[in-house]
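Here it is, the structure, as structure tokens.
The values are calculated or read from the model by the stated rules, or taken from the named source; none is laboratory data. Predicted model only: the values in this text are computed from it and were never measured. Neighbour counts are summed over all protein chains in view; Cβ atoms, including those assigned to glycine, are modelled from backbone coordinates with ideal geometry. For the accessible areas, the whole protein counts, side chains as well, though only heavy atoms, and no ligand, DNA or RNA atoms are used. Shrake-Rupley method; radii C 1.70, N 1.55, O 1.52, S 1.80 Å.
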Amino acid sequence: MNKKMMVVGTLCLGLTLAGCTNTDKSLEANKESKMSTQVSQSTTQDVSGTSNSTTKKTSQRKVSVEDAIKAYNEAYPNTSITSLDLDPSFGIYYYEVKGVDDSKEYEVKINAETGELKKEREETLDQDEQNGVEKKNEALELKDILSIEDVSKIAEDSVGEGTANEWSLERDLSLTYWEVKVQTSNKEITVKINAQTGDILEKELDD
């Protein structure tokens, strides 16, 4: 009688332990499944965020350089543009356009997404810059200039990685050029490009 009870007890104990082991394995499997789901969701969110960020930047540059130049010329006819910048001030892309006539200097800001123009500054030139002197020395050559998309590709290809995120149209002596900033994972490089031919003039690692 005692032997039978011992055998039955042993069997019950074995079944109980087996049940516990199966329960532990089930819990572990559920835990791994949840962790896998969380990682998957996190990865999806990261990819989605990157995509949304890229789309947002692109959508903020709906106004082309040609449109920005046209808007400035409508605001200040009979002047010459001396510089044009496009950068994400306060997280929003704005064109900053400066120009001169024979006696004054002008500056406007144009929202690159909406095209809204705001007159920022208007002031008299120094005496030695008047009567066409500043216009002759600083006016940009705007005929057949390359687009921002074109110079961005040239700059990014020359660096080998990264994304162009700031652009300036300037003049040095008689040459009009684009200055493009390319941001990589750990550095920023400025690339100067002939605005008409696309030739790379200089590359510089920013501090």
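From the list Lys98, Lys70, exactly one residue is outside any loop (DSSP other than H, G, I, E, B), open to solvent by 30 Å² or more (accessible area, probe 1.4 Å) and within 18 Å of Asn137 (Cβ to Cβ). Which is it?
Only one candidate passes the filter, namely Lys98.
Tell me which residues, restricted to region 108-133, are farther than 22 Å from Val65 by Cβ and not in a loop (DSSP other than H, G, I, E, B). Explain how you work it out, then say what you get.
Filtering region 108-133 for residues farther than 22 Å from Val65 by Cβ gives 122-133.
Scanning region 108-133 gives Glu122, Glu123, Thr124, Gln127, Asp128, Glu129, Val133.
Is it fair to say Thr184 is open to solvent by less than 40 Å² (accessible area, probe 1.4 Å) and either out of contact with any Asp or Glu (no Cβ under 9 Å at 6 or more places or on another chain) or not charged (D, E, K, R) (or both)? Lay out the reasoning, then the answer.
Working: open to solvent by less than 40 Å² (accessible area, probe 1.4 Å): yes; either out of contact with any Asp or Glu (no Cβ under 9 Å at 6 or more places or on another chain) or not charged (D, E, K, R) (or both): yes.
Spelling it out, Thr184 is indeed open to solvent by less than 40 Å² (accessible area, probe 1.4 Å) and either out of contact with any Asp or Glu (no Cβ under 9 Å at 6 or more places or on another chain) or not charged (D, E, K, R) (or both).
Here is a follow-up. Hey, can you tell me all the residues within region 128-178 that are of a type in the set (A, V, I, L, M), in contact with a Phe, Trp or Tyr (Cβ under 9 Å, 6 or more places away or on another chain) and under 19 Å from Val97 (Cβ atoms)?
Ile145, Leu146, Ile148, Val151, Leu169
Just checking, does region 84-92 include any residue being charged (D, E, K, R), within 24 Å of Thr190 (Cα to Cα) and not in a loop (DSSP other than H, G, I, E, B)?
Within region 84-92, one or more residues are charged (D, E, K, R), within 24 Å of Thr190 (Cα to Cα) and not in a loop (DSSP other than H, G, I, E, B).
Now for a different question. Looking only at residues that are surrounded by 15 or more Cβ atoms within 10 Å (Cβ to Cβ) and polar (S, T, N, Q) in region 101-138, which one is farthest from the chain's Cα centre (by Cα)?
Gln130
Continuing with this model, one more query. Output the residue which, of all residues in region 167-207 that are of a type in the set (Val, Ile, Thr) and not in a strand (DSSP E or B), is nearest to Ile69 (Cα to Cα).
The residue in question is Thr197.
Is it the case, given these coordinates, that Ser168 is among the polar types (S, T, N, Q), modelled with pLDDT under 95 and in contact with an Asp or Glu (Cβ under 8 Å, 6 or more places away or on another chain)?
Numbers: among the polar types (S, T, N, Q): yes; modelled with pLDDT under 95: no; in contact with an Asp or Glu (Cβ under 8 Å, 6 or more places away or on another chain): yes.
Against the criterion (among the polar types (S, T, N, Q), modelled with pLDDT under 95 and in contact with an Asp or Glu (Cβ under 8 Å, 6 or more places away or on another chain)), Ser168 does not qualify.
Confirm whether Ser152 is in contact (Cβ under 8 Å) with a residue 24 or more places away in the chain, under 17 Å from the mean Cα position of the chain (by Cα) and either on the phi < 0 side of the Ramachandran plot or exposed (fewer than 15 other Cβ atoms within 10 Å of the Cβ) (or both).
yes
Going through region 131-149 one residue at a time, which ones are more than 15 Å from Ile81 (Cα to Cα) and either polar (S, T, N, Q) or without any contact (Cβ under 8 Å) to a residue 12 or more places away in the chain (or both)?
Within region 131-149, Asn131, Ser147, Glu149 qualify.
Here's a follow-up. Here are the criteria: (1) under 18 Å from Val180 (Cα atoms); (2) at pLDDT 95 or above; (3) open to solvent by 60 Å² or more (accessible area, probe 1.4 Å). Tell me which single one Arg61 does not satisfy.
(2)
Turning to a different aspect of this structure: Only one of these conditions is not met by Ile189: (1) out of contact with any Gly (no Cβ under 8 Å at 6 or more places or on another chain); (2) at pLDDT 95 or above. Which number is it?
Of the numbered conditions (1) out of contact with any Gly (no Cβ under 8 Å at 6 or more places or on another chain); (2) at pLDDT 95 or above, the odd one out for Ile189 is (1).
Would it be correct to say that Ala164 is closer than 19 Å to Arg61 by Cα and in a strand (DSSP E or B)?
yes
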